[in-house]
Amino acid sequence: MGLKPDHWIRRMALEQGMIEPYVEKQVSDGVISYGVSSYGYDMRVADEFKIFTNVHSAVVDPKNFSPTSFVDYKGDVCIIPPNSFVLARSIEYFRIPRSVLTVCLGKSSYARCGLIVNVTPFEPEWEGYVTLEISNTTPLPAKIYANEGISQVLFFEADEVCETSYADKKGKYQKQAGLTLPKL
């Protein structure tokens, strides 16, 4: 399994629709960078957020998650409360080839401010918008900027294709059309 360079990402995006919309060069002038990089793709965060709140004194349960634990917000800047998190989604729609697995890592501009971006790997043949969890580990409110870079996606191609892909097993998050809450 090997990490894939920018020319492979570009070819897969343009010829096979792996990333849409695809930004062919890294954009960084006055924004948190996004677009193709040497060995990855810096995806952007959309302007739709679900801000975690505990106004109802709920228990966070991944098997029975209450949507009332979130406040919906749309805007160019989202403020994450101290020691809390938001859910967001990527601007880009991904279609992962059967021989590829991705790993996502948060951008250093956010990590150095105590913001952690958590994204699970994109499995072979998964497709959809990415649901992002962005945690504010600080005791202060923190900003995230919509339409700018949030996480770098690294693409690893296997020497041979997997026996069972995410599409084969009809994964519950396949073709998610937007910001998606936990499902059982």
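Read-outs throughout are calculated quantities, based only on the coordinates presented, and are distinct from any laboratory measurement. Since the model is a prediction, treat every value here as computed from it, not as a measurement. Heads up, the Cβs are rebuilt from the backbone with ideal geometry, glycines too, and the neighbour counts pull from every protein chain shown.
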Practice prompt. Could you check the simple spin-label distance between Glu160 and Ser84, using points 7 Å along Cα→Cβ, in nm with one decimal?
Written response: 5.1
Discussion item. Kirkwood Rh and Cα-based Rg: tell me the resulting Rg over Rh for segment 137-177, rounded to two decimals.
Written reply: 1.16
Item to complete: Please list, or write none, the lysines whose alpha carbon is within less than 16 Å of the alpha carbon of Lys175, excluding same-chain residues fewer than 8 places away.
Response: Lys183
Discussion item. Taking the Cα centroid of segment 73-141 and of segment 1-57, what is the distance between the two, rounded to the nearest whole Å?
Written reply: 10
Worksheet item: Taking GluC sites (Glu not before Pro) as exposed when DSSP calls them loop (any state but H, G, I, E, B) and at most 10 other Cβ atoms lie within 10 Å, what is the longest stretch of the chain free of them, the sites themselves excluded?
Response: 1-159
Worksheet entry | Cα gyration tensor, segment 35-184 - rounded (a/c under 1.5), prolate or oblate | oblate
Worksheet item: Once you put a point 7 Å from the Cα of Ser66 and another 7 Å from the Cα of Glu15, both along the Cβ direction, what distance in nm separates them?
Response: 5.2
Fill in: Cross-link table Lys25/Lys107; Lys4/Lys170; Lys50/Lys170; Lys74/Lys170, entries beyond 19 Å C-alpha to C-alpha
Lys4/Lys170; Lys50/Lys170; Lys74/Lys170
Discussion item. For a quick check of your reading of the filter: which trypsin sites (Lys or Arg not before Pro) in segment 18-59 sit in a DSSP loop and have no more than 12 other Cβ atoms within 10 Å?
Written reply: Lys25
